[in-house]
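The values are calculated or read from the model by the stated rules, or taken from the named source; none is laboratory data. Only a predicted model underlies this, so the values are computations on that prediction, with no experimental measurement involved. Counting neighbours? That spans all protein chains shown, and the Cβs are built from the backbone with ideal geometry, glycine included. Surface accessibility is based on the protein's heavy atoms, side chains included, excluding ligands, DNA and RNA. Shrake-Rupley method; radii C 1.70, N 1.55, O 1.52, S 1.80 Å.
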Amino acid sequence: MPSIPPAPAVPPPPTPSGVPLAPALRAAFSQLPTGVTVITTTTAAGPAGVTASAVCSLSLDPPLVLLGIGARSQTLERIRSRGNFLVNVLPVGASATASAFAAPGTSPEARFTAVPWHTYEDMPALDDALAWVACSVERTYPGGDHVIVIARALDCRHRDGQPLVRHAGRYRQLA
C-alpha cells in the first residue's frame, strides 16, 4: 500500500496590512518596554541561565510569579528537573550580561564564565542583579513555542537602582 504524503504546511494568512502576523506581532510588542531578567537554576549537569523578559508578579496571595520561556530552552529542561529557579532582575549597564544569556547556541554553563555570581540555595544568583526572586515551580502550560511557568515565590531580595529595559529591540534605561 503506497504511503500518503503529508499535507503541505499552510502559511498563516497575512494581517489586513499584508504583513505576516508573527513579525508584525513581534514589532507591535517591541513597543511595550519590559524589564530584563536572567532566569537561573542548576542541576547535576551544572548551572544554566537564560535571558527572559516575559516575567511578572502574578499574585501576592499566594505569592506567584509568571514566566514565559522557550519550549526548547536547555534552561527550561533544567528548571523542570530541579523544580526551582531564580529570577535575577538586571540593572542598567548589564546589557552584555543580557546578551550573553540570550546568545543562541551557547551552552548553559558557558554563559556564566564572564559573569560574577554566587549561590543561593545551591542556585546561581548574579552578583549585580537589582533583585532576585527564588521560585518553586507549581504548574506549567504549553504556550505555542514557549512554556508558561507558574511558580511560587519563596524568598526575594532587592537593592535600589535603575533596571535594564528592552524597548523597540534595544536595551535602554529609564529617563
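Would you mind counting up the charge near residue 66? Only other residues with Cβ under 14 Å from its Cβ, with Lys and Arg at +1 and Asp and Glu at -1. Walk me through the numbers on the way to the answer.
Details: positive: 139, 152; negative: 138.
Neighbourhood net charge equals +1.
Based on the Cβ-Cβ distance from residue 173 to residue 54, what FRET efficiency comes out when R0 is 22 Å, to the nearest 0.05?
Details: r = 20 Å, r/R0 = 0.92.
Given R0 = 22 Å and the Cβ-Cβ separation, E is 0.60.
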Dipole axis of the range 35-136 (+1 Lys, Arg; -1 Asp, Glu on Cβ), positive-most option in 104, 118, 67: 104
Nearest-20 debye value, the chain charge dipole, Cβ charges on Lys, Arg, Asp, Glu: 380 debye
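Which value, in Å², gives the accessible area per residue of the chain when a 1.4 Å probe is used on the protein heavy atoms? All intermediate terms of the calculation are to be shown ahead of the outcome.
On the way: 10430 Å² over 175 residues.
Per residue, the chain has an accessible area of 60 Å².
Please state the relative contact order of the chain as a whole percent: Cα pairs under 8 Å, 6+ residues apart?
Working: 331 pairs, mean separation 45.2, N = 175.
Contact order relative to length: 26 percent.
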The range 97-175, dipole about Cα centre (Lys/Arg Cβ +1, Asp/Glu Cβ -1), debye to the nearest 20: 360 debye
Within the range 116-139, backbone nitrogen closer than 17 Å to the virtual label 7 Å beyond the Cα of residue 81 toward Cβ: 122-124, 137
Environment charge at residue 133 (Cβ cut-off 10 Å; Lys +1, Arg +1, Asp -1, Glu -1): 0
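Given contacts defined as C-alpha pairs under 8 Å and at least six residues apart, what's the relative contact order of the range 32-127, whole-number percent? Working shown, then result.
On the way: 145 pairs, mean separation 32.9, N = 96.
It rounds to 34 percent for the range 32-127.
Would you mind telling me the share, in percent, of accessible area of the chain contributed by carbon and sulfur at probe 1.4 angstrom?
The value for the chain is 60 percent carbon and sulfur by accessible area.
Exposed loop trypsin sites (Lys or Arg not before Pro) only (DSSP loop, at most 11 other Cβ atoms within 10 Å): please give the longest stretch of the chain free of them, not including the sites. It would help to have the intermediate numbers written out before the result.
On the way: sites that count: 72, 159.
Counting at most 11 other Cβ atoms within 10 Å as exposed, the longest clean stretch of the chain is 73-158.
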Around residue 45: net Lys/Arg minus Asp/Glu count, Cβ-Cβ under 13 Å: +1
Derived scalar couplings ³J(HN,Hα) [the range 114-126; Karplus, 6.51 cos²θ - 1.76 cosθ + 1.60; whole Hz; x for Gly, Pro]: 10, 10, x, 8, 9, 10, 10, 6, 6, 10, x, 10, 6
